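Trainee: I am attaching a structure below and will ask some questions about it afterwards.
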Amino acid sequence: MYKFYMRVVKHRRKIMVFFVAAAIICMFLSNFVEVNYDMNDYLPQDSASTVALDVMETEFDGGIPNARVMISDMTIPKALEYKEKLKEIDGVQEVTWLDDVLDISVPLETQDSDTVETYYKDGTALFTVTIEEHKRVEAVEDIRALIGDENAMTGSAVSTATATTNTVSEIRKIASFAVAFVILVLMLTTNSWMEPLVVLIGLGIAILINSGTNLIFGEISFVTNAAGSILQLAVSLDYSVFLIHRFEECRQEYPDEKEAMVQALCKSTGSILSSGLTTVIGFLALCLMQFLLGPDLGLVLAKGVALSLITVFIFMPALILMTYRWLDKTRHKPLLPDFHKFGRVVCKLMFIFVCIFAVAIVPAYLASNSNSYYYGSSHMFGKDTKMGKDIQKVESVFGKSDTYVLLVPKGDSSAEKALSDELHTVPQVTSIVSYVDMAGAEIPRDFLDADTLSLLESEHYSRMVLTVDAEYEGEETFALVEKIRAIAGKHYPDTYYLAGEGVSTYDLMDTVTADMVKVNAVAILAVLVVLVLLVKSVSLPVILVLSIETAIWINFAIPYLKGSKVFYIAYLIISSVQLGATVDYAILFSDRYREFREIYPKRKAIIETISAVTVSVMTSGSVLTVVGFLLGYLSSNQLLAQLGMFLGIGAICSLIIVLFVLPGLMYIFDRLFVKKKAKTKTKLKAKIKEKGDGTLLKSDKAFSK
């Protein structure tokens, strides 16, 4: 490592130019990274609804209806005019209304009231619209301009378009607040006014390179786009601070600043790498999810942390050597206390906290696994948003509704008629648009115009469009999907395809719940293995991981106690992210405790450890907390907002357990991982100088007291 770092220092100017150029290029490339806002696109390719969509796109020009447009004060002729106007909008593939399922020349009073009121009720028309995937934003804007704000539209296409429009501006606002808070925290916790700027430059370079290199994935999810850079900022913040502080220490021994930097790099590599490695593993565990949103987020975050590590070890030495004189000139006295008093308070209370911790483990675990969940995107917007208000408007008149598309092999009209008749017996099925329903099994196909027939039949399949009185998800919806699949399977065993928002959500539920045990188990096991290899102990890694896992369980027990529902995707993501991002706090605490135990008795070692690590842990933890709460409070997307709240509350839970519970656990289980004591303070000083990460400058002062 010494020779490698010598080359890094020697070629620092070339490295500076390379990284700055790479960041500029990647900033440009990031504009070409597409963002996908449709969660259903991340279902496994072999899931039933995904296969059904692929078959339908191959066989038919129109897709699944994905929007409902409600217009008030409509007569029948006026509604037909609006139907034609909707069809003319670029991106609108198909519009279905009452005239597609009934003969509107016949008085409506004499026809089936349930079917009529599915599309027309109290002078209000409800159009079922199919919007092209790649033109959702433009089409939704044009539909809004046509119908006006006083009318309403809902559906997955509208949700996706709204999320696309809102999220970009919201993330910029969140990022600006996050950077401002990071500057404030670093000003309080560092010893130079210039240091926050140096740290942020290094982080900015890493984040820009990560954003630009996301182009290798083609597109990323909106969750990754929203949370990726912010999480990279929060979890990578400490690495540069560690290196700067280690460089300051080494300059006291090595007058030549280049040699001091090489020594600082050699001495800080172990601690920074161990911290980064556990974080990367936590993120990579997401790649084991069948639901492809997990690999999407996991790969981007793991790549981001890896690039942050590369930036710290290669770019930051060059930047620090260029700016260290400014760091010296802007040095100031520590603005925070040494936390010895805080350490003594914790010592007095730590056994109480351990008792509370022990009592809370089982209830927290059970509560965290007893939540009610949202699996899809139907609840992404709150009631106070425009989208939420539109949903309430439509449902107040027409109730909850969804559209399913059923494909069956073409050619057997009698079998299609039997299937349609049985589907009509399902209470939630309010209407069916199909060849046998519109023309009847006995009427020749030549009697229908080519355009209408092409929507109902392809070369190989007949298509049935079912309007169902059901939400996009929930137990009743999932039971309905199972029932329709059972009926279709009875008439067409293994040869039918069913697609729709509720159907995709059913498959999404089936997929993500299967991911839970696997992802969590692998993440925990992988972190445990790494810790065992790093600390050469089995008992200590178990204590550390159990501490953070309990923090995660407490985090997810809160919504259960509040009676609120959880987005299952947020649950899966945070389970891995919180473990990877905050287990570092426990590792840092245990490392320092074992070092102090070489010369101090247990209680004194606890006090010194708390004094040494509190600033470092609070720096990273407070940034993670604030970033999470910013995402939670400023995002109109409820999935992102919940993800942020879990991130913020989870960071607080981890901080509390590390600073208040872990000291007691270290004290109680001391003999399991502390083998022997050194006889002199000199040995500990030497060990800290050899292994420290730069956060112990205050602890060195403690030795001289």
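The values are calculated or read from the model by the stated rules, or taken from the named source; none is laboratory data. For clarity, every value in this text was computed on a predicted model and none was experimentally measured. Cβ sites come from the backbone with ideal geometry, for glycine too, and all protein chains shown count toward neighbours. Please note that ligands, DNA and RNA were not included when accessible areas were found on the heavy atoms of the full protein model with its side chains. Shrake-Rupley method; radii C 1.70, N 1.55, O 1.52, S 1.80 Å.
Trainee: Can you pull out every residue in segment 23-48 that is more than 22 Å from CYS287 (Cα to Cα) and either under 23 Å from the mean Cα position of the chain (by Cα) or open to solvent by less than 20 Å² (accessible area, probe 1.4 Å) (or both)?
Mentor: The answer is ALA23, CYS26, MET27, LEU29, SER30, ASN31, PHE32.
Trainee: Among PHE398, PHE342, PHE381, PHE313, which is the only one that is over 34 Å from the mean Cα position of the chain (by Cα), of a type in the set (A, V, I, L, M, F, W, C) and either within 30 Å of LYS604 (Cα to Cα) or surrounded by 14 or more Cβ atoms within 10 Å (Cβ to Cβ) (or both)?
Mentor: PHE342
Trainee: Of everything in segment 239-273, what is of a type outside the set (A, V, I, L, M) and open to solvent by less than 20 Å² (accessible area, probe 1.4 Å)? Give them in sequence order.
Mentor: Within segment 239-273, TYR239, SER240, PHE242, HIS245, ARG246, PHE247, GLU249, CYS250, SER268, THR269 meet the criteria.
Trainee: Next question, about the same structure. Going through VAL129, VAL140, VAL116 one at a time, which residue ends up being out of contact with any Phe, Trp or Tyr (no Cβ under 7 Å at 6 or more places or on another chain), of a type outside the set (Phe, Trp, Tyr) and surrounded by fewer than 23 Cβ atoms within 10 Å (Cβ to Cβ)?
Mentor: VAL116
Trainee: Of all residues in segment 469-513, which are part of a strand (DSSP E or B) and modelled with pLDDT of 90 or more?
Mentor: Within segment 469-513, TYR497, LEU498 qualify.
Trainee: Being open to solvent by less than 40 Å² (accessible area, probe 1.4 Å), farther than 30 Å from LEU98 by Cα and hydrophobic (A, V, I, L, M, F, W, C) narrows it down to one of MET6, MET16, so name that one.
Mentor: MET16
Trainee: Please go through segment 524-545 and give me each residue that is open to solvent by 10 Å² or more (accessible area, probe 1.4 Å), in a helix (DSSP H, G or I) and touching a residue at least 12 places away in the same chain (Cβ under 8 Å), ordered by number.
Mentor: ILE524, ALA526, LEU528, VAL530, LEU534, VAL535, SER539, VAL542, ILE543
Trainee: Something else now. For segment 204-230, which residues satisfy the criterion of being among the hydroxyl-bearing types (Ser, Thr, Tyr) and at pLDDT below 90?
Mentor: SER221, THR224, SER229 - these are the residues of segment 204-230 that are among the hydroxyl-bearing types (Ser, Thr, Tyr) and at pLDDT below 90.
Trainee: OK, next. How many residues are under 26 Å from the mean Cα position of the chain (by Cα), part of a helix (DSSP H, G or I) and not hydrophobic (A, V, I, L, M, F, W, C) when one looks only at segment 139-182?
Mentor: 13
Trainee: So GLN111 fits all but one of (1) modelled with pLDDT under 85; (2) buried (at least 22 other Cβ atoms within 10 Å of the Cβ); (3) not small (Gly, Ala, Ser); what number is the exception?
Mentor: Every condition holds for GLN111 apart from (2).
Trainee: I would also like to ask the following. If I ask for residues that are hydrophobic (A, V, I, L, M, F, W, C), under 30 Å from GLN45 (Cβ atoms) and open to solvent by 20 Å² or more (accessible area, probe 1.4 Å), which ones from segment 274-292 would you list?
Mentor: The answer is VAL280, ILE281, LEU284, CYS287, LEU288, LEU292.
Trainee: Yes or no: segment 189-203 includes at least one residue that is assigned to a loop (DSSP other than H, G, I, E, B), modelled with pLDDT under 90 and buried (at least 22 other Cβ atoms within 10 Å of the Cβ).
Mentor: Looking through segment 189-203, at least one residue is assigned to a loop (DSSP other than H, G, I, E, B), modelled with pLDDT under 90 and buried (at least 22 other Cβ atoms within 10 Å of the Cβ).
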